[in-house]
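J.: Take a look at the following structure, please.
Bear in mind that the values in this text are calculations on the coordinates, not laboratory data. Since this is a predicted model, take the numbers as computed values, not measurements. All Cβ positions, glycine included, derive from the backbone under ideal geometry; neighbour counts span all protein chains shown.
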Amino acid sequence: MHARSIVRSLQVDEATARGTPLVALESTVIAQGLPWPENLETARAMEAVVREAGAEPSTIAVLDGEIRLGLAPDEILEIAAVAAPRTAPGAGPRPWVKANRRDLSAIVAAGGCAATTVSATLWIARRAGLAPGVMATGGLGGVHRDAGTTFDVSTDLDELARADGMLVVCSGMKSILDLPATLESLETRGVPVVGYRTGELPGFVARTSGLALEHRVDSPEEVARLVLAHRSLGLPGAVVLVQPVPEADAIDPGLLARAIDGALAEARRRGISGKPLTPFLLGAVRDATGGQSLRANRSLLVANARLAGEVALAMVGVRADC
Ligand code: PSU
Ligand code: MN
């Protein structure tokens with residue numbers, strides 16, 4: 001029995017040969033996290049800003065049972081089109097499911113297609129040899145507000161504790177979650193949460209959450225030194241870098257809190273739980289904020305991809321100095 005390989009795109013191979021660092025990007029945010037056509041525009045913008053920073057984007061997904069590192073433009077289009085309204089009954093793209101790490105074997109065995117969450121993306125990136133390396137996303141999964149009774153805690157947290165050598169650039173955890181419990185849970189797992197030019201945990205589409213962070217850095221070089229120190233100490237797991245949404249696109253924390261309360265009540269009324277819960281809540285918050293949260297979500301995803309590219313480059317420089 002041989003180990004199943006991860007299929008790399010031509011562009012990823014060429015970048016590796018040139019010594020250009022890669023930035024891993026997840027695909028759940030494209031397929032299940034944002035509506036069409038903003039999801040396609042955002043996925044393209046994220047790849048573009050990673051390249052502007054001098055790194056190479058490698059979006060991760062499972063295509064016909066193949067684990068892929070780096071997607072061609074028509075493949076990104078296919079994933080994004082899953083969220084497009086169907087025009088003709090029966091027509092439309094192949095089914096794309098939301099895959100976290102535990103789903104990968106079943107999807108590969110069945111030859112299926114899947115968008116990968118943070119947990120699956122981190123695992124694939126590491127398996128493909130990207131560590132020490134960087135991935136970018138919007139908001140991490142975490143402890144849901146009723147986790148005491150539902151046990152709904154994102155597997156993102158466990159995978160972060162395992163993803164040795166990886167840095168995840170994000171804007172905190174999705175604000176639909178229990179943020180204090182999620183921070184506690186990351187501390188328990190030994191995952192550092194470091195503010196980028198902030199001493200406070202960002203509130204995903206809002207800039208603030210009211211929760212203080214103990215560690216802060218102010219430049220890509222400082223981030224690179226922190227990640228490489230984590231690694232050279234032999235400490236396991238990923239480092240989480242949190243950057244607030246750009247000011248011009250941020251949403252008011254009060255408006256956000258009201259929208260989330262409404263979305264949670266609606267989810268309870270409809271009995272929505274498990275995997276569809278996060279996409280449902282994000283959609284309901286989008287509607288309740290008149291699209292303001294969509295604008296903020298897109299803006300922070302692009303800003304985080306840019307910063308991830310800058311840090312990936314700084315890590316090459318810092319390693320050369322060591
Ligand atoms: N960031 C976003 N939107 C998203 C996600 C992240 O801005 O939709 C996705 C990520 O893939 C994350 C997942 O891993 O949501 C968490 O889902 P769950 O709560 O079901 O574990
Ligand atoms: Mn969950």
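J.: Determine ³J(HN,Hα), in whole Hz, for all residues of the stretch 130-142 in sequence, where each value follows from phi through the Karplus function 6.51 cos²θ - 1.76 cosθ + 1.60 and θ = phi - 60°; x replaces Gly and Pro.
T.: Listing the rounded values in order: 6, 6, x, x, 10, 10, 10, 8, x, x, 6, x, x Hz.
J.: Right, next: For the chain, what is the mean residue ellipticity at 222 nm derived from helices alone (per DSSP H run of n ≥ 4: -39500 (n - 2.57); sum divided by total residues; nearest 500 deg cm²/dmol)?
T.: On the way: 12 runs with 144 residues, N = 322.
Value at 222 nm, helices only, nearest 500: -14000 deg cm²/dmol.
J.: Considering amide H positions built from the backbone, and no H for Pro or chain starts, which residues 5 or more places from M173, or on another chain, come under 5 Å of its amide H?
T.: Under 5 Å from the amide H of M173: L140, F204.
J.: Using alpha-carbon pairs under 8 Å, 6+ residues apart, how would you state the relative contact order of the stretch 3-321 in percent?
T.: Details: 662 pairs, mean separation 63.5, N = 319.
Reported as a whole number, the value is 20 percent.
J.: Using amide H atoms built in the peptide plane, which far-off residues or other-chain residues are under 5 Å from S58 H to H?
T.: V23, A24, L25
J.: Can you give the log10 of the normalised intensity I(q)/I(0) at q = 0.06, 0.07, 0.11, 0.12 Å⁻¹, computed with Debye over equal Cα scatterers of the chain?
T.: -0.18, -0.25, -0.63, -0.76
J.: Amide H to amide H, which residues 5 or more places from R8 or on other chains are under 5 Å from it, using H placed in the peptide plane?
T.: Amide H to amide H, under 5 Å and 5 or more residues apart or across chains, R8 pairs with L69.
J.: What are the ³J(HN,Hα) values, in whole Hz, obtained from phi via the Karplus relation 6.51 cos²θ - 1.76 cosθ + 1.60 with θ = phi - 60°, for each residue of the stretch 80-85 in sequence order, with x given for Gly and Pro?
T.: 5, 5, 4, 8, 6, x
J.: What's the center-to-center distance, using Cα atoms, between the stretch 132-174 and the stretch 220-298 in Å?
T.: Comparing the Cα centres of the stretch 132-174 and the stretch 220-298, I get a distance of 10 Å.
J.: Could you derive backbone 3J(HN,Hα) for the stretch 13-19 from the dihedral phi with the Karplus parameters 6.51, -1.76 and 1.60 (θ = phi - 60°), listing whole Hz in sequence and x where the residue is Gly or Pro?
T.: Per residue, the Karplus-derived 3J(HN,Hα) values read 4, 5, 4, 4, 5, 7, x Hz.
J.: Order by neighbour count: D321, D178, fewest other Cβ atoms within 10 Å first, most last. Kindly include the intermediate steps, with their values, before the conclusion.
T.: Details: D321 9, D178 18.
So the residues, fewest neighbours to most, are D321, D178.
J.: Shape of the stretch 237-281 from its Cα gyration tensor (a ≥ b ≥ c, root eigenvalues): rounded if a/c is under 1.5, otherwise prolate when a/b > b/c, or oblate?
T.: Values: a/c = 3.38, a/b = 1.35, b/c = 2.49.
The shape class here is oblate.
J.: Please name which of S171, L213, G234 has its Cα lying farthest along the dipole of the stretch 143-274 towards the positive end, using unit charges on Cβ (Lys, Arg +1; Asp, Glu -1) and the Cα centre as origin.
T.: Checked the options; the winner is S171.
J.: Over the stretch 189-322, with a single point scatterer placed on each C-alpha, what log10 of the ratio I(q)/I(0) does the Debye formula yield at q = 0.11, 0.22 1/Å?
T.: Reported log10 I(q)/I(0), two decimals: -0.50, -1.24.
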